[in-house]
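Read through the structure below, which is laid out as structure tokens, and then see the notes.
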Amino acid sequence: MPPPTNIIQNGTFDLQGMFWTGTDIETTFFESSYFGSNNTNRVAEIDGNAGQTTQMRQSFTITEPIQTELTFIAALRTQNTVIGQDGFTVDIVNSTGTVIASLIVRPPVRGVYETYTLPVNFTTAGTYTLRFTELGPDNSFGAIVDNISMLVCFAGQTLIDTPTGPVPARAIKAGDLVTTEQGPKPVRWVGRRHVTAEDMASNEKLRPVKISAGALGQGLPRADLWVSRQHRMLVSSPICQRMFGETDILVSALKLTALPGIHIDVYIAQVDYIHLLFDQHEVVFAEGAPSESLLLQSEAMNALSPEAVEEIRLLFPELSQGPRQDAHLIPKGHQQTRLADRMAQNDRLPLETFRRPA
């Protein structure tokens, strides 16, 4: 999945008032005008002219339910402001005018920024408006705001090939047909795990591997692709044949980080892992790149919630009889490392000899 995107446009006011609407907006001056410094960083004051109530707004679209947070910095200008009175309200408003999140901000000191955070739960897709409204004496001396940001990572944007065309992973449900190496197959179960920045900070192994567009060879993946570290990608290379006697094998994404354009993403703020389960272990096509479906071995099961494991065992009672057959050979970890090193040393791409079934 792609990394989070800041859906607030011009939240740093480098473009002055572009993308913002409202009344009595003041976005043309530098920080030096308010703090008596030499700083040429452009900011917004939520108290433009005396006798007018400043309100600054920006609308945006949310395409699916998601939880995130609005962040910004704010301070009182150094002259003629009243601590405890001057400030503003911040609201997120839906299309019917209902406020779904709100925060009152009254900066406690002059000339020193503080960071503010407003948690937001978008329960439905739609058009929303971010709104700043002036508080305090209406005398043209008020609070300064800058660096407004709301990072949104829409889950499962990775496109999965289906008989009717590419479909976002988040839109696939049990019963849908997905294109596999063996032809169209029905999905039996779909799982999703949302991993936050806090989760990744406490456990680095939760950080995804980013496979840049084209890094696997033959123009694949078609777009940047994020997968979990142990998620396996198909490797098709003469080196596989020489090492294992088979041209096509499955290798974990973590091992492929030895190759150009593939690395652990340490900057991503949140990620959603989508699991597709079929009757058998399959090779599907994520952004066109051959990639494994969920393989129900102990390693994969340990990564799922207890509720998910229980649901899967109800669907597949035969799991108690042992692991399922792999779609392709999966070499041992040290063998995968050696393979990736040899490909890197010989400047070979993972999908060098890959031919997609017709």
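The values are calculated or read from the model by the stated rules, or taken from the named source; none is laboratory data. Note that the coordinates shown come from a computational prediction; the quantities given were computed from them, not determined experimentally. All Cβ positions, glycine included, derive from the backbone under ideal geometry; neighbour counts span all protein chains shown. All accessible areas refer to the heavy atoms of the entire protein, side chains included, with ligands and DNA or RNA removed. Shrake-Rupley method; radii C 1.70, N 1.55, O 1.52, S 1.80 Å.
H334 to R222: FRET efficiency via 1/(1 + (r/R0)^6), r the Cβ-Cβ distance, R0 30 Å, to the nearest 0.05? Write down the numbers at each step before the final one.
On the way: r = 32 Å, r/R0 = 1.05.
Plugging the Cβ-Cβ distance into 1/(1 + (r/R0)^6) gives 0.40.
Quick one: angle between helix 306-315 and the longest Cα principal axis of the chain, in degrees between 0 and 90, rounded to 10, please.
40 degrees
With a 1.4 Å probe and all protein chains kept in place, how much accessible area does E352 have, in Å² rounded to the nearest 10?
We get 70 Å² for E352.
Please give the FRET efficiency for E204 paired with D347, using the beta carbon to beta carbon distance and R0 = 30 Å, rounded to the nearest 0.05.
Numbers: r = 29 Å, r/R0 = 0.98.
About 0.55, to the nearest 0.05.
How large a share of the accessible area of the chain, in percent, is made up of carbon and sulfur atoms when the probe is 1.4 Å and the other protein chains stay in place? Walk me through the numbers on the way to the answer.
Details: 8210 of 16510 Å².
Of all accessible area on the chain, carbon and sulfur atoms account for 50 percent.
Among rounded, prolate and oblate, which fits the chain when a ≥ b ≥ c are the square roots of the eigenvalues of its C-alpha gyration tensor, a/c under 1.5 means rounded, and a/b larger than b/c means prolate? Walk me through the intermediate numbers first.
Numbers: a/c = 2.96, a/b = 2.28, b/c = 1.30.
Taking the square roots of the gyration eigenvalues as a ≥ b ≥ c, the chain is prolate.
Using a probe radius of 1.4 Å on heavy atoms only, what accessible surface per residue do you get for the chain? Whole Å² is fine. Please report the intermediate quantities before stating the final value.
Values: 16510 Å² over 358 residues.
Accessible area per residue: 46 Å².
Starting from the Cα of K210, draw a straight line to each of the lysines and keep only those under 17 Å, dropping any in the same chain fewer than 8 residues away.
K255
Identify all aspartates and glutamates with a Cα-Cα distance to K185 below 18 Å; exclude those on the same chain that are fewer than 8 residues away in sequence.
D161, D176, D279, E282, E287, E292, D326
Which aspartates and glutamates, if any, have their Cα less than 16 Å from the Cα of K205, not counting same-chain residues under 8 positions apart?
Straight-distance partners of K205: D265, D272, E299.
How do the peptides 157-163, 193-199, 138-144, 229-235 rank, highest first, by the average count of neighbouring beta carbon atoms within 10 Å per residue? Write out the running numbers ahead of the final one.
On the way: 157-163: 19.4, 193-199: 13.6, 138-144: 21.0, 229-235: 23.1.
By packing density, highest mean first, the sequence is 229-235, 138-144, 157-163, 193-199.
Jot down the radius of gyration and Dmax of segment 147-284, Cα atoms only, both in angstrom.
Looking at segment 147-284, its Cα Rg and Dmax stand at 16.0, 56 Å.
Once the Cα atoms of helix 333-345 and of the chain are each reduced to a long axis, what angle between those two axes, in degrees from 0 to 90 to the nearest 10, is obtained?
80 degrees
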